[in-house]
Amino acid sequence: MTVTVCVGSSCHVKGARDIIARFNDFLTKQGLAEKVELKGTFCMERCGEGINWKIDEEIFSSSSVEEAVEVLRSKVQGLLTEKGT
Ligand code: FES
């Protein structure tokens, strides 16, 4: 799984850097840092829509850092349950 966060100037101003820091923290704490690659990308051409990021090819536009972390948390739930099996 690859998580890509837009670090173009518009998303940067809205908090993309904080999102990356929080995602990194979250993935490390969950023991997923090796399963999930975290990357930055240039402008995804959706600047008007919030902070843009994606999981593989699925795009999300988050209104806040908290919201983005919640979305990531729910999306990686599957990986977390897999781990125990
Ligand atoms: S800067 Fe993020 S979509 Fe344009």
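Stretched out fully, how many nm does the piece from residue 29 to residue 71 gain, at 0.36 nm a residue minus the Cα gap?
13.5 nm
Could you name the lysines in cross-link range of residue 75, using Cα to Cα under 18 Å and dropping any fewer than eight places away on the same chain?
Those lysines meeting the cut-off are 29, 35, 39, 54, 83.
Among all cysteines in the chain, which have no other cysteine Cβ under 4.7 Å from their own Cβ?
Result for the chain is 43, 47, no neighbouring Cys Cβ within the cutoff.
How much length would be gained if the chain were fully extended between residue 64 and residue 17, taking 0.36 nm per residue of separation minus their Cα-Cα distance, in nm to one decimal?
15.7 nm
Every number here is computed from the coordinates shown, using simple stated rules; none is lab data. The shown structure was predicted, so the numbers you read here are calculated from the model rather than taken from an experiment. Please note: Cβ atoms are built from the backbone with ideal geometry, for glycine as well, and neighbour counts cover all protein chains shown.
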